[in-house]
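The values are calculated or read from the model by the stated rules, or taken from the named source; none is laboratory data. Keep in mind it's a predicted model, so treat the numbers as computed, not measured. Glycine also receives a Cβ, built like all others from the backbone with ideal geometry; neighbour counts cover every protein chain displayed. Protein only, heavy atoms only, side chains kept; ligands, DNA and RNA dropped before computing areas. Shrake-Rupley method; radii C 1.70, N 1.55, O 1.52, S 1.80 Å.
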Amino acid sequence: FVMGHKYPDMDAIGACLGIRRIAEMNNKEAYIVVNPEEFSNDIARLMQEVEKDPNISRYIITPEKAQEMISPASLVIMVDHHRPTITIAPDLLKVTNQVVVIDHHRRGEDFPENPVLVYIEPYASSTAELITELFEYQSNEATPINKIEATAMLAGMIVDTRSFSLRTGSRTFDAASYLRSCGADAVMIQRLLKENVDVYLLRSHLIESIEFLSENMAVATGEEDRVYDT
């Protein structure tokens, strides 16, 4: 069972798709745990594209379904986060103590008990970058990563690096190059990340409310009765 953090971003979903493919390459079934109620606009658009591929979509399940399926022998993989308090399905961690953590954030105090494997690399641009590198160690005879998986992972890298302007090294561009060679669609990424008018207006409304506390610090405040997504 593979899961990202609550209110997942492109890096979390892309990492989940990458791990599911690696599991398949090693003749293992992996299920991606998501909560559709927590999807932002870009993730909802991505999941619509993923639904078009039945070989992937049948492995995408809700936390409730995962709870029914999991056993003490199951392996849970946490990607793009390591804090049980912000994971999509924290109850899964109570069923099995076989947990793997793959993340690019600095380790905090909140951490799973006795994980079987921890791969945390704070110098990486994104979790998608770390997982893309793992594909080099898979068998050449296995089914390669497909277009939508490569696209989601590259989108994760683009979002986390602000279009390759932050936290990028040579490894980042090597990983991006590999994903492009696997068919990652840059035009689709632009479409997935495009803001709709409502979000644009809401953001403008928040910016209009800005008050400067000092020369380098400003605060924007939303209304109590209005919901603002990430």
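In loop segments of segment 60-125 as defined by DSSP, the GluC sites (Glu not before Pro) with at most 12 further C-beta atoms inside 10 Å of their C-beta are Glu109, Glu113. Annotation: the antiparallel percentage among DSSP beta bridges lying fully within the chain is about 20.
Ordered from highest to lowest accessible area with the whole protein assembly present and a 1.4 Å probe, Asp80, Asp110 read as Asp110, Asp80. Each residue of segment 24-39 is assigned a 3J(HN,Hα), and the resulting list reads 5, 4, 9, 6, 10, 8, 10, 10, 9, 9, 9, 10, x, 6, 9, 6 Hz, derived from the Karplus form 6.51 cos²θ - 1.76 cosθ + 1.60 (θ = phi - 60°), x at Gly and Pro. Couplings 3J(HN,Hα) for segment 214-228, derived from phi with the Karplus relation 6.51 cos²θ - 1.76 cosθ + 1.60 (θ = phi - 60°), are 8, 4, 10, 9, 9, 10, 10, 10, x, 6, 5, 9, 10, 9, 10 Hz, where x marks Gly and Pro. Pairs of Lys residues in the chain, spaced 8 or more positions apart or belonging to different chains, with C-alpha separations under 23 angstrom: 12 in total.
Subtracting the Cα-Cα distance of Ser214 and Arg226 from their residue separation scaled by 0.36 nm leaves 1.6 nm. The residues of the chain present an accessible area of 56 Å² per residue when probed at 1.4 Å with all protein chains retained. For Thr132, the accessible area of its heavy atoms, probed at 1.4 Å with every protein chain present, is near 0 square angstrom. Loop-located trypsin sites (Lys or Arg not before Pro) in segment 86-124 (DSSP state other than H, G, I, E, B) with a sparse environment of at most 10 neighbouring Cβ atoms within 10 Å: Arg106. Eigenvalues of the alpha-carbon gyration tensor of segment 92-230, scaled by 5 and square-rooted, set the equivalent ellipsoid semi-axes at 33, 23, 16 angstrom, largest first.
Near the amide H of Ile32, within less than 5 Å, lie the amide hydrogens of Val2, Ile60, Ile61, all on another chain or at least 5 residues away, with H placed in the peptide plane. Mean separation of Cα pairs under 8 Å and 6 or more residues apart, divided by the residue count, gives segment 11-102 a relative contact order of 28 percent.
Write out the trypsin sites (Lys or Arg not before Pro) in segment 160-221 meeting two conditions: DSSP loop, and at most 12 other Cβ atoms within 10 Å of their Cβ. Sparse-neighbourhood loop trypsin sites (Lys or Arg not before Pro): Arg162, Lys194.
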